[in-house]
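Notes follow the structure.
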Amino acid sequence: MEQETDKTMPIIENPQTTNCQCFALTGRNIVLKADGSPITFADLTEIKSLDNNADLFEEQEFGICALSFETTEHLPDRFITKTIRQYFNESDEPTIFRVSRAKAVANWRQSTQFCCTCGTKLTESKQFTARECPQCGKIHFPRIEPCVIVLVSRGDKILLARHVQRNQDIYACIAGFIEGGETPEHAVERELQEEIGIKVKNISYRGSQSWPFPDQLMLGYTAEYESGEIKLQKDEIADAGWFSRDNCPASPQPGSIAYKLIHGLI
Ligand SMILES: [Zn+2]
């Protein structure tokens, strides 16, 4: 008979005596007390009791104790939810890192239940944040998907695009996954050629951001226009154009690396 994956990793006896921060995460949202302050371990336990499928896990080395759950239907009024993205914008760097880590691990735990080599149900590793295959021995660690996000300038104008699939109401930077064998710079060149039809030069790394929706690492770049006319890849990009920084259409909010790139903050 198949061994069930433990729903819950071992929790230390009293997390509140450690430096662990407690996070309850649901979809793209985080739970806070109604006054906007962080929740406690007692709150986590209470929220866990509301959802039989809630997943509680802890990583002492990252200072997180987190609960991932699905339904907010029975959440008591003394709690509120806020988008994680908004919470990023209001939090200090150590907290942003911990929430990102908690969200990334929560996503991974939800999506990594069976061995991708032999299909056997996985068990919790006692040593790492990982799951092990009792059949073939493969150890499955949380994975990240590296992506590039690039702001292209042409004189005093910047390139912004409206995507077909995501955030349909806003104009943002061009972004995409780094393909096998590519460097981030290759990916920048390819994405701009494919999606917009232009060549760029002076590709320059500006900074990065974990984007655990579900598992991206965003590597932020700027580049300068070199040649070509805008020719959209219609299944990806609905519209694109050159805009002045002081006269942009609706664009990403604070809390994202796109915002920092667009507003010249990195
Ligand atoms: Zn296996």
Quiz item: Do you know which of the residues in the range 92-142 that are within 16 Å of the ligand (Cβ to nearest atom) and of a type in the set (D, E, K, R) is most open to solvent (accessible area, probe 1.4 Å)?
Solution: Lys138
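Run down Glu58, Glu132, Glu70 and say which single residue is at pLDDT 95 or above and of a type in the set (Asp, Glu). Steps first, answer last, please.
Numbers: Glu58 fails: at pLDDT 95 or above; Glu70 fails: at pLDDT 95 or above.
Being at pLDDT 95 or above and of a type in the set (Asp, Glu) holds for just one of Glu58, Glu132, Glu70, which is Glu132.
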Self-check item: Positions within the range 147-173 being closer than 27 Å to Ser111 by Cβ and touching a helix residue (DSSP H, G or I) at 6+ places or on another chain (Cβ under 7 Å), in sequence order
Solution: Val148, Ile149, Ala172, Cys173
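For the range 71-86, does any single residue satisfy the condition of being farther than 13 Å from Pro142 by Cβ, under 17 Å from the mean Cα position of the chain (by Cα) and of a type in the set (Phe, Trp, Tyr)?
Of the range 71-86, the ones farther than 13 Å from Pro142 by Cβ are 71-86.
Filter once more, keeping what is under 17 Å from the mean Cα position of the chain (by Cα): 82-86.
Subset that is of a type in the set (Phe, Trp, Tyr): none.
No, every residue in the range 71-86 fails to be farther than 13 Å from Pro142 by Cβ, under 17 Å from the mean Cα position of the chain (by Cα) and of a type in the set (Phe, Trp, Tyr).
For the range 210-230: of the residues being touching a Gly at 6+ places or on another chain (Cβ under 7 Å) and surrounded by 14 or more Cβ atoms within 10 Å (Cβ to Cβ), which is nearest to Ser256 (Cα to Cα)? First the steps, then the outcome.
The first filter runs over the range 210-230 and keeps only residues touching a Gly at 6+ places or on another chain (Cβ under 7 Å), leaving 220, 228-230.
Those still in the list that are surrounded by 14 or more Cβ atoms within 10 Å (Cβ to Cβ) too: 220, 230.
Working: Gly220: 11, Ile230: 25 Å.
Within the range 210-230, the match that is nearest to Ser256 (Cα to Cα) is Gly220.
Tell me, which strands (runs of 3 or more DSSP E) lie completely within the range 62-154 with 1 or more residues that are outside the structural domain of Phe23 (by TED's automatic domain parsing) and of a type in the set (A, V, I, L, M)? Steps first, please.
On the way: elements: 64-68, 79-83, 145-154.
Counting at least 1 such residues, we get 145-154.
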Quiz item: How many residues does the range 173-231 hold that are under 23 Å from Arg28 (Cβ atoms) and assigned to a strand (DSSP E or B)?
Solution: 14
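State which residue is farthest from Lys126 (Cα to Cα) when the search covers only the range 22-61 and only residues that are polar (S, T, N, Q) and part of a loop (DSSP other than H, G, I, E, B). Lay out the reasoning, then the answer.
In the first step, residues of the range 22-61 are kept if they are polar (S, T, N, Q); the result is 26, 29, 37, 40, 45, 49, 52-53, 60.
When the remaining residues are screened for being part of a loop (DSSP other than H, G, I, E, B), the result is 37, 40, 49, 52-53.
Numbers: Ser37: 33, Thr40: 25, Ser49: 25, Asn52: 23, Asn53: 21 Å.
Among them, the one singled out is Ser37.
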Exercise. Could you please let me know if Arg166 is away from the ligand (no atom under 16 Å from the Cβ), more than 30 Å from Cys65 (Cβ to Cβ) and more than 23 Å from the chain's Cα centre (by Cα)?
Key: no
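Counting just the residues of the range 240-253 that are in a strand (DSSP E or B) and more than 25 Å from the chain's Cα centre (by Cα), which one comes out surrounded by the fewest Cβ atoms within 10 Å (Cβ to Cβ)? Working first, answer last.
The initial filter retains those residues of the range 240-253 that are in a strand (DSSP E or B), namely 240-244.
Filter again for more than 25 Å from the chain's Cα centre (by Cα), leaving 241-244.
Numbers: Gly241: 13, Trp242: 15, Phe243: 16, Ser244: 10.
Among those that are in a strand (DSSP E or B) and more than 25 Å from the chain's Cα centre (by Cα), it is Ser244.
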Exercise. Could you list all residues from the range 165-184 that are touching a residue at least 24 places away in the same chain (Cβ under 8 Å) and either open to solvent by 50 Å² or more (accessible area, probe 1.4 Å) or in contact with a His (Cβ under 6 Å, 6 or more places away or on another chain) (or both)?
Key: Gln165, Asn167, Gln168, Asp169, Phe177
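The values are calculated or read from the model by the stated rules, or taken from the named source; none is laboratory data. In this text, all values refer to a predicted model and were calculated from it rather than measured experimentally. Note that we place each Cβ from the backbone using ideal geometry, even for glycine, and neighbour counts take in every protein chain shown. Remember, those area values only see protein heavy atoms, side chains included, never the ligands or the DNA or RNA. Shrake-Rupley method; radii C 1.70, N 1.55, O 1.52, S 1.80 Å.
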